[in-house]
């Protein structure tokens, strides 16, 4: 409920800030700021997408988890998007998202609420289970045999 109210109030706060700060610094300075941060946001999103793709490829090639690289790329994309949108509140939020301590704090908050599922075999435990080998009737045919008669789909 509060998230929806905040999302609905965001544009109103942005408009109020643009009018208030525009009255203080002038129309041309406000327009210059909006265009400058918009261009910075576009460049930042492009850079974050390229870096994210490189980190993902490196992580997968080295058989490491690509999670930290993807998270950093997502922060860059979100910061770029906030800078791209016109408004001073979004610019401040976008610039804050570029700071590593802020990224670490947000990542920690998200991970503290995440449900982490581990497989028993990954912890060195034995996993018991039944298995049945299924071979196609015709070696050239690569499909599975027909389903058993009592089989139902959930």
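Select from the range 57-69 the residues that are surrounded by fewer than 15 Cβ atoms within 10 Å (Cβ to Cβ) and in contact with a helix residue (DSSP H, G or I) (Cβ under 9 Å, 6 or more places away or on another chain) and list them in ascending order.
58, 64, 65, 67, 68
Within the group 5, 79, 16, which residue is surrounded by 15 or more Cβ atoms within 10 Å (Cβ to Cβ) and out of contact with any strand residue (DSSP E or B) (no Cβ under 7 Å at 6 or more places or on another chain)?
Of the residues listed, the single one that is surrounded by 15 or more Cβ atoms within 10 Å (Cβ to Cβ) and out of contact with any strand residue (DSSP E or B) (no Cβ under 7 Å at 6 or more places or on another chain) is 79.
Would the range 90-100 turn up any residue that is loosely packed, with under 12 Cβ neighbours inside 10 Å, at pLDDT 90 or above and assigned to a helix (DSSP H, G or I)?
no
State whether the residues of the range 24-41 include one that is closer than 22 Å to residue 107 by Cβ and touching a helix residue (DSSP H, G or I) at 6+ places or on another chain (Cβ under 6 Å).
Yes, the conditions are met somewhere in the range 24-41.
Residue-by-condition table, conditions (1) under 26 Å from residue 21 (Cα atoms); (2) touching a residue at least 12 places away in the same chain (Cβ under 8 Å):
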site: 47; (1), (2): no, yes
site: 51; (1), (2): no, yes
site: 57; (1), (2): no, no
site: 64; (1), (2): no, no
site: 69; (1), (2): no, yes
site: 72; (1), (2): no, yes
site: 82; (1), (2): yes, yes
site: 86; (1), (2): yes, yes
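Looking only at the range 19-40, how many residues end up being surrounded by 12 or more Cβ atoms within 10 Å (Cβ to Cβ) and not in a helix (DSSP H, G or I)?
Total satisfying the criteria: 0.
The values are calculated or read from the model by the stated rules, or taken from the named source; none is laboratory data. Small disclaimer: the values here were computed from a predicted structure and weren't measured. Reconstructed Cβ throughout: ideal geometry from the backbone, glycine too, with neighbour counts over all protein chains shown.
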